[in-house]
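What follows is one structure encoded as structure tokens, with my remarks underneath.
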Amino acid sequence: MLKANHRYLQGQAHTEKSHSRYGKKTVEILRDIIRAYPAGQVVIHDPINRAVGWRIYFSQGCINFAESTEGSQQCLAYLLQSCLPAYQGLQPQAGQAHYAFLCSLWESGYISLKQLQSLLTIVTQEALIHGLAISQAIYYVEQPVSLDPILMSTSLWNLVLPIEGNIQQWALLKSEIPSPLSKLYMINGDKFFESAGYISDTLSNIQEMAEQLTRGQSLYQIAQTLDMKVDHLAVLLHPLLKLGAISARSATELRQFHRPQIFCVNNKPATQRYLASIIEPEGFEVLHLSDPIRAIPALMKRSPVLAVIDADLPRLDGYQLCRMVRRRDALRDLPIIMTTENDRLGDRIRTHLSGATAYLPQPFNDQQLLKIIRLLLLNFFCFFLCRTLTSNI
């Protein structure tokens with residue numbers, strides 16, 4: 001049971017707030033709240049992004065309904081298209097609660113009671129997926145709101161068990177996509193069209209996707225327009241988000257946001273300036289190191305997304321440094337570009353044996369470098385996400 005401050009709010013007009021305790025899963029906290037009150041509603045918020053919450057109605061230890069607190073119209077429109085395509089044009093009247101609207105579809109004879117109960121379950125599970133994907137959530141327990149009639153009364157576990165994989169997936173995606181209600185923006189058109197070719201087999205209409213991204217549409221809206229599952233779309237776009245082609249933040253917000261870091265290990269000031277002039281306009285922060293001895297501690301501390309290492313370094317050449325980097329578990333998968341002053345077979349072999357990911361002989365131009373960076377990051381983020389998702393199945 002929760003502490004005394006989670007008493008039943010009979011007749012009170014205010015809400016009570018609780019923070020998720022470290023080490024206790026969000027679903028377990030929600031279970032405790034449902035057990036602690038005869039009836040009520042609890043809103044789950046992400047402390048980092050409080051604009052959107054997920055409201056769960058419950059009574060007698062069971063869940064009756066769940067929905068988002070903001071933007072629920074987008075979610076409902078997406079789910080209606082998926083579940084009831086014949087009625088996707090229907091929408092709630094101004095001020096009409098979504099639960100009442102769904103019940104009206106049954107009362108008006110559009111759908112059967114069985115279809116309504118199935119639809120209520122789907123809408124509820126969609127909200128639970130995103131509420132329970134928040135690891136350190138904030139909870140607001142509010143006084144009961146009567147749902148009339150109550151047509152669903154299902155245990156938390158019966159609702160959660162079928163969607164465990166979805167919850168884990170969204171927990172991994174949240175760093176880039178806080179929720180499907182997040183608006184996505186085209187940040188770098190060149191990056192998008194160059195990188196989107198790698199997913200063209202899955203996403204056939206790249207141009208239509210680009211048009212949606214120029215409008216600042218939410219993930220639900222884009223999925224509805226393209227007739228795709230929102231989970232599938234999120235996984236598909238995740239590498240493009242990590243690469244900086246698109247973002248769940250507007251251009252204004254991005255100017256205030258932390259940029260991904262690329263380490264350049266090179267002892268020539270002119271080369272350092274040249275690399276920065278190419279990489280920084282692409283939205284990355286370039287960190288320079290001229291002393292290879294200091295490189296590994298700095299890499300461990302900063303966790304960059306990529307490193308560009310010059311083969312000709314004093315005291316410790318780039319090949320030796322790369323081998324040392326690969327011995328660190330935390331850096332084993334870090335994409336590394338090895339730059340050399342010569343384009344000889346021996347240099348290519350040494351680069352491969354050192355564990356570097358790519359080889360780039362000098363002189364090179366900005367497009368050659370950017371093409372390799374984009375390709376390596378796209379492959380890395382696709383590999384990392386697939387590996388992480390597979391390990392959580």
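The values are calculated or read from the model by the stated rules, or taken from the named source; none is laboratory data. Keep in mind that this is a model prediction, so the values were computed, not measured. So basically every Cβ, Gly included, is an ideal-geometry build from the backbone, and we count neighbours across all protein chains shown.
Annotations
- Verdict on residue 35 being of a type in the set (D, E, K, R), more than 17 Å from residue 218 (Cα to Cα), at pLDDT 85 or above and in a helix (DSSP H, G or I): yes
- Count - residues of the range 320-341 that are surrounded by 12 or more Cβ atoms within 10 Å (Cβ to Cβ) and over 19 Å from residue 272 (Cα atoms): 9
- Residue 75 vs. criteria surrounded by fewer than 18 Cβ atoms within 10 Å (Cβ to Cβ) and in contact with a strand residue (DSSP E or B) (Cβ under 7 Å, 6 or more places away or on another chain): no
- Residue list for the range 205-224, filter: in a helix (DSSP H, G or I) and surrounded by fewer than 17 Cβ atoms within 10 Å (Cβ to Cβ): 206, 207, 208, 210, 211, 214
- Selection of first residues in the range 275-295 that are in the same structural domain as residue 322 (by TED's automatic domain parsing) and without any contact (Cβ under 8 Å) to a residue 60 or more places away in the chain and of second residues that are assigned to a loop (DSSP other than H, G, I, E, B) and of a type in the set (A, V, I, L, M), restricted to Cβ pairs under 6 Å at least 6 apart or on distinct chains, gives the following pairs, ordered by first then second residue: 292/313; 292/316.
- Restricting attention to the range 242-253, the residues that are modelled with pLDDT under 85 and either surrounded by 15 or more Cβ atoms within 10 Å (Cβ to Cβ) or of a type in the set (A, V, I, L, M, F, W, C) (or both) add up to 8.
- Screening the candidates 357, 339 for the property of being closer than 29 Å to residue 235 by Cβ and modelled with pLDDT of 90 or more yields one hit, 357.
- Pair list, Cβ under 8 Å, 6 or more apart: the range 50-78 residue within 15 Å of residue 138 (Cβ to Cβ), other residue modelled with pLDDT under 85 and assigned to a loop (DSSP other than H, G, I, E, B): 51/70; 52/70; 52/71; 53/70
- Considered as a group, the residues in the range 254-275 that are at pLDDT 85 or above and among the polar types (S, T, N, Q) include one that is surrounded by the most Cβ atoms within 10 Å (Cβ to Cβ), and that residue is 266.
- Selection of the range 293-323 for residues being assigned to a helix (DSSP H, G or I) and under 34 Å from the mean Cα position of the chain (by Cα) yields 294, 295, 296, 297, 298, 299, 300, 301, 302, 321, 322, 323.
- Taking residues in the range 303-315 that are in the same structural domain as residue 269 (by TED's automatic domain parsing) and in contact (Cβ under 8 Å) with a residue 60 or more places away in the chain, and partners anywhere that are assigned to a loop (DSSP other than H, G, I, E, B) and surrounded by 14 or more Cβ atoms within 10 Å (Cβ to Cβ), the pairs with Cβ atoms closer than 6 Å and at least 6 places apart or on different chains are 305/260; 306/335.
- Those residues of the range 343-365 which are farther than 23 Å from residue 379 by Cα and aliphatic (A, V, I, L, M), in sequence order: 345
- Looking across the range 46-68, the residues that are at pLDDT below 90, in contact with a strand residue (DSSP E or B) (Cβ under 8 Å, 6 or more places away or on another chain) and surrounded by fewer than 17 Cβ atoms within 10 Å (Cβ to Cβ) come down to 47, 50.
- Looking at 123, 43, just one residue is touching an Asp or Glu at 6+ places or on another chain (Cβ under 7 Å), modelled with pLDDT of 95 or more and either in a strand (DSSP E or B) or not charged (D, E, K, R) (or both), and that residue is 123.
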